[in-house]
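Values quoted throughout were computed directly from the atomic coordinates according to the rules given, and no laboratory measurement underlies them. Everything numeric here is computed off the predicted structure, so don't read it as measured data. Don't worry about glycine lacking a Cβ; one is built from the backbone with ideal geometry, like all the others, and counts go over all protein chains shown.
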């Protein structure tokens, strides 16, 4: 069984090397966008990497100072993005032309050499060696679990620039025996389900709620400010509208970072190896009352959780959301009338709880069932609740220290228990 993990390492970059890295990233993004532009010509979108290589490689090499393999990696990044758009079109979903603006560059072993304490990276002006900012070797960190582990090898990396700091997201992999569960190597045997919504921006299968009231309050407040300024129609008002937009984005990003940190903390505290979200495609159509701001918020939240989880060696996945809000997480009975607003009551077994909490458990269960394999290895063993776990069959197991007798599904966490876990964020 192949196990893959990503480890984020901060780089100790001086001023001269930082300038080289910025130039390299700029040219890498130019190359990737150039390939996208080429693939996008005409009604037919080119998705073949071999064809794009043949048609764009020489031009990109002439127009940039990139290492040959960085050019190929930029082409791969562009081709993958175009392929993703075409796949969404085939599902009758909207998707626009990709454009890369986040300061990143993709490295493999042909244009980077990974050492224990430093890395050698190809740039637009030769190679440079940059030391890692390493954590305390006595601490249990992703670095100690994967980079200091002889079972794992580094296969590549993605260079990131954020807040004037440089990070290398190192991709590692290991081959494990088929009868050795992945959780034995990570110590994290469970999955955390996360449901997204309007009234509750996020709810975890452990019963933690992040209310959407603050988000909606400020969304309406900023809409009112923009509306008032638009009525003025002056140039000064237009400039103020742009300032309001920046303040709005900044406030919401801070809010979403707090929620993302809370979700990561909840997963880490409960020993989870996976955080499972519902698929974000079409989420606005599924949620009554959701605005485009909500869709933007859900996408940003997922991105924040995804990159923050790398530090803890936690995977972040998406699952099919069909019927997760209508299905009973205890008996599996699915019916539209099971849910009434924020209340869930199963018409078959009578289980009652907060509807979003029930959905979060179903999202975790959907991930378990999707990833069950016949070889007995690799699948997490349960969905983490606010007490105990659910296995892939929906059977409840109490936490350690309670009676060894498994309680019936109705004796699992109640509506009041889930709501009492709500935290002010």
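Any idea what the relative contact order of region 110-180 is, in percent, if you count C-alpha pairs under 8 Å spaced at least 6 apart? Working shown, then result.
On the way: 77 pairs, mean separation 13.3, N = 71.
Relative contact order for region 110-180 comes out at 19 percent.
Distance between the 7 Å Cα→Cβ label points at residue 214 and residue 102: 2.4 nm.
Using Cα-Cα distances under 8 Å and only pairs 6 or more residues apart, what relative contact order does region 2-175 have, in percent?
34
Ranked by the mean number of other Cβ atoms within 10 Å of their residues, highest first, the peptides 309-320, 253-264 come out as 309-320, 253-264. Let's test the formula: R0 of 60 Å, r as the Cβ-Cβ distance of residue 369 and residue 41. What FRET efficiency results, to the nearest 0.05? It comes out at approximately 0.90. Take the Cα of residue 348, step 7 Å toward its Cβ, do the same at residue 322, and the gap between the two points is 1.7 nm. Work out the FRET efficiency for residue 90 and residue 4 from their Cβ-Cβ distance, taking R0 = 25 Å, and round it to the nearest 0.05. Using R0 = 25 Å, I get an efficiency of 0.40.
Please sort 145-154, 354-363, 86-95, 285-294 by packing, taking for each peptide the average over its residues of neighbouring beta carbons within 10 angstrom, highest first.
Values: 145-154: 16.1, 354-363: 28.3, 86-95: 11.3, 285-294: 13.9.
Highest-to-lowest ranking by the protection proxy: 354-363, 145-154, 285-294, 86-95.
For the pair residue 337 and residue 153, label points projected 7 Å from Cα toward Cβ lie 6.0 nm apart.
Suppose the chain between residue 15 and residue 139 were pulled fully straight at 0.36 nm per residue; how much longer would it get relative to their current alpha carbon spacing? Walk me through the numbers before you get to the answer.
Values: separation 124, 0.36 × 124 = 44.64 nm, distance 3.00 nm.
In short, 41.6 nm is gained.
Protection proxy ranking of 59-71, 266-278, 40-52, by the mean of other Cβ atoms within 10 Å over each peptide's residues and highest first, is 266-278, 59-71, 40-52. The calculated pair-distance distribution of region 2-175 uses every alpha carbon pair, bins of 5 angstrom beginning at 0, and gives 1, 8, 16, 18, 17, 15, 12, 8, 4, 1, 0, 0 percent. Going 7 Å from the Cα of residue 296 toward and past its Cβ, which residues in region 190-222 have a backbone nitrogen under 11 Å from where you end up? Residues 219 fall inside that zone.
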